[in-house]
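Just below is one structure, and these are the notes that go with it.
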Amino acid sequence: MAATLLFVILLAVAVILLALLLALYLVPVTVSTVADCSRERARATATVAWGIAEARVRVGDDEQVLEILLVGRRVMTRDLGELAAAEPEEEKKEEERKPVQSVRDYLDAAGDLWPHLWRILETVYRSLRLETLRGDIILGLESPADTGVVYGYCTAARYALWPAEAIDFVMTPVFDREVFEGTFILRLQIRRPLLILIAVARALLKKPVRERLRQVSGRGAPGA
């Protein structure tokens, strides 16, 4: 009886893990950002969604909020302003305990980690799919000549990107006053996030990578 129960539990765990891996391979991560700036207010919302889970950060003139949602229902809310105010003392204690790293140490670590980081970035790049990149900006600088120069560059970039249907950027110049208003929308997908996790895990499984990361973080030195 005990052996049967153990087998059922192990089978259930295996099925759950396989389902999770399959979901990580098939279900993309959606990243979206919406920013709105005007004379009265400025606000932005960034969202990362995977399946039924969603993390959302809302930043505005009077709010800085992190929200976690499941099936569209809010399950956690944190005020980022309060968290940021509580962190300095803890960070100061951490910095006092950490050994000081020289610029050469960071450069050496970056050189050693770069091949592994490049493979991860390459995997991320292959997984990215841009769905929407939209911008509608009203811009007026102190100098009308500078406004005209910026408008010329933006117009040239817009027509250069014209074949890309997902990208559309429009700038309206204003020459008689200083102004910056508009909206920005970005939406992209990270397909097959499991491949990215595999690339990261493959790098972390190598001892030299872990040693270099510990050195850079101040938690150890190579060979420790």
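No value in this document is a laboratory result; all are computed from the given coordinates. Because the structure is a prediction, the values reported are computed rather than measured. Please note: Cβ atoms are built from the backbone with ideal geometry, for glycine as well, and neighbour counts cover all protein chains shown.
Some points to look at:
- Taking every full run of DSSP H in the chain, the ones that stretch at least 30 Å from end to end by Cα along their long axis and average 1.6 or higher on the Kyte-Doolittle scale are 2-26.
- For the range 27-85, relative contact order (Cα pairs under 8 Å, six or more residues apart, normalised by length) works out to 22 percent.
- Length added when fully stretched, E178-A3, from 0.36 nm per residue minus Cα-Cα: 55.4 nm
- Across the options I167, I190, Y153, the greatest Cα extent toward the positive end of the charge dipole of the chain (unit charges at beta carbon of Lys, Arg, Asp, Glu) belongs to I190.
- Translational diffusion of the range 112-213, µm² s⁻¹ [Kirkwood Rh, Cα pairs; Stokes-Einstein; 20 °C; 1.002 mPa s]: 127 µm²/s
- The mean sequence distance of close C-alpha pairs (under 8 Å, at least 6 residues apart), as a share of the length of the chain, puts its relative contact order at 24 percent.
- Label sites at T45 and L128, each approximated as a point 7 angstrom past Cα along Cα to Cβ, lie 2.4 nm apart.
- Max mean-square fluctuation residue, GNM over the chain, Cα-Cα springs under 10 Å, options I52, I137, I185: I52
- Largest first, the extents of the alpha carbon coordinates of the chain on the three principal axes equal 82, 47, 39 Å.
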